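Peer 1: Sending over a structure as C-alpha cells; questions will come in a sec.
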Amino acid sequence: MSNLVKSSMFRGKNGENYFFPFVLLCSLFLMWGFAHALLDVLNSHFQEILHISKAKSAFIQMSLYGGYFVMGIPAGIILKRYGYKKGIISGLLIFAVGSFLFYPATLIRSFFPFLFALFVIACGLTILESAANPYTTVLGNPSMGARRINLAQSLNGLGWILGPLIGGIFVFSEGADPFDSLAKPYILIGILVLIISVLFICTPLPQIEAESDEIGVNRKSRYKDLFKHKLFIFAVIAQFLYVAAQTGIGSFFINYVTEVVPHISHKAASEMLAFGGMGMFMVGRISGSYIMKYFSAQKLLGVYAIINTILMFFVVMGFGMASVVCIFGSYFFMSIMYPTIFATGIQNMGHNTEKASSVIVMSVAGGAVFPMIMGYIADVLSMSVGFLIPLICFAIIALFGFSKLKN
C-alpha cells in the first residue's frame, strides 16, 4: 500500500498513524468471515447426517443470528463502558469458547449442542462487529470511513472463501466420521482466535472518541434517541434485509446448485461456493473500495442492489447452469452492502455511535428468520422459488441506496 494511501486513509487529524491498528482489526474481519461461511457447509451437512428438512436446518442460522439479536444491546453497553480494546478482547474470548464447544457437541451427537455452540460464537462476534466496524470508520480521515470499512471487509471476503473450502475438505471428506469432522475446523478457529486475542492484549490501540455534531448539549446517550434519525432507521431495516438475503443465498447455495444441476455433488458445490461465490465477493469488496473514490458509496449500493434484484429473477426461473452463474454474480454485487449500509447508518451519530452500531449489528437477526422461510418454500415448492425472498430484499435495499434521508 502506497505512502499516499496510508497518509490519506489512516492519518488522524493531528497526524497520528493508524495503519497498524487497522491491519490488526482486519484479522477480525477474516476470522468472522470464516466462521460465517462455515455455516453454509453445515446447513447442507446437517440435512444429510440428521435427516432433517431444509426448514429445520435453518435453525443453524437462527442460532447464530439470534445470538446477534440477544447480544446487540449488551455489546453496545460493554463498548460504551469499557472501550473498544477491552470490548474486542472480550468478544474474542467468547468467540474462542464457542468454537471449542464444538468438540463436546460432536461427542453428544445431537442438533441442540451444535446450536448452543453457534449461539455462544454469535455472542462473541456481536461484540467484535459492534466494535470493529465503527472503529475502522474513525481510524483516519472521517470522509473515507466507508472506504476503510469496505477495505477491511475485503479480508472478511477472504474468510468467506476459506470457510466453505476448508469446511468442505473436513466435513465432506470420504471415510471421515460425519460428526467428528465438524470439530476440527472449529478447534482451528478457536486456537487462531486465542492467538489474535493475545496480539490485541499486547498491542496499544488508540483511544478514539467519535466526534459529535452537537455542541453544548447533554451528551448522555439513550437508545430511544437513535430513532430520531430517519437514515439510521432505514439503515437498520436495510441491514436486516441484506443479512436475510445473503444468509439465505449462502445457506441454500449447495441445495440450489445440486437441484438445478443434478450431476454436481455436494462437495463440488461447496468448492464452487468457495472459489466462485466467495471469490466474487472478495473481488467485489476490493474493487468497491476503489470505486468509492469516484462515486458516492450510498448510490453505488443502490445500483448494486438493482442489479442483484435482476439477477435473483433469473435464479428464481431456474435456468440450470446459467442461473448458477447469476448467483455467482450476486455475490460480487452483495460485497459492499453490509459495510456500506453500516457506515451510512452511523454517519453523524456522534456520541450515539456505539449504541447505533450495536443496534445495526442486532439487525442481522434477519439472517435468523428469512432462511427458515426460504427453507419452507423449498420443502413445499422448490428451491428456485425460495429465492424470491432475497429478490424482494434487494429491491428494498435499492430504495435505501437512493434515499435522500439524513441523520
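All of the numbers you see were taken from the coordinates with simple rules; none came from a lab. Treat the numbers as computed from the prediction; the structure is a model and nothing was measured. Note that we place each Cβ from the backbone using ideal geometry, even for glycine, and neighbour counts take in every protein chain shown.
Peer 1: Based only on other Cβ atoms within 10 Å, what is the fewest-to-most ordering of 372, 383?
Peer 2: Listed from fewest to most nearby Cβ atoms, that is 372, 383.
Peer 1: Could I have the simple spin-label model distance between residue 275 and residue 313, label points 7 Å from Cα toward Cβ, reported in nm to one decimal?
Peer 2: 3.2
Peer 1: A follow-up question, please. Please find the FRET efficiency linking residue 392 to residue 295, where r is the Cβ-Cβ separation and R0 is fixed at 25 Å, and quote it to the nearest 0.05.
Peer 2: Computed FRET efficiency for residue 392 and residue 295: 0.45.
Peer 1: Under unit Cβ charges (Lys, Arg +1; Asp, Glu -1), what dipole magnitude, rounded to 20 debye, does region 75-175 have relative to its Cα centre?
Peer 2: In total the dipole reaches around 440 debye.
Peer 1: Please order 109, 285 by the number of other Cβ within 10 Å, starting at the fewest.
Peer 2: Ranked by crowding around the Cβ, least crowded first: 109, 285.
Peer 1: To continue, here is another question. Which three extents, in angstrom, do the Cα atoms of the chain have along their principal axes, listed largest first?
Peer 2: The Cα atoms of the chain stretch 63, 43, 43 Å along their principal axes.
Peer 1: Which FRET efficiency value, to the nearest 0.05, is calculated for residue 112 and residue 143 with the Förster distance at 35 angstrom and r the Cβ-Cβ distance?
Peer 2: Result of the calculation: an efficiency of 0.15.
Peer 1: Can you compute the radius of gyration and Dmax for region 255-407, using only the Cα atoms, both in Å?
Peer 2: Gyration radius and largest Cα-Cα distance of region 255-407: 16.8, 55 Å.
Peer 1: Going toward the positive end of the dipole of the chain, with +1 on Lys and Arg Cβ and -1 on Asp and Glu Cβ, which of 393, 226, 29 do you reach last?
Peer 2: My answer, from the dipole projection, is 226.
Peer 1: Fewest to most neighbouring Cβ within 10 Å: what's the order for 294, 256?
Peer 2: Lowest to highest Cβ neighbour count: 294, 256.
Peer 1: Could you work out how far apart the two model spin labels at residue 322 and residue 225 are, taking each label as a point 7 Å from the Cα in the direction of the beta carbon, and quote it in nm?
Peer 2: Once both label points are built, they end up 5.5 nm from each other.
Peer 1: Which whole-number percent is the relative contact order of region 278-353 (Cα, under 8 Å, 6+ apart)?
Peer 2: 45
Peer 1: Would you mind checking the tilt of helix 278-291 against the longest principal axis of the Cα atoms of the chain, expressed as 0 to 90 degrees and rounded to 10?
Peer 2: Result, in degrees: 20.
Peer 1: Place a +1 charge on the Cβ of each Lys and Arg in the chain and a -1 charge on the Cβ of each Asp and Glu, then give the dipole magnitude about the Cα centre in debye, rounded to the nearest 20.
Peer 2: Magnitude of the dipole: close to 1320 debye.
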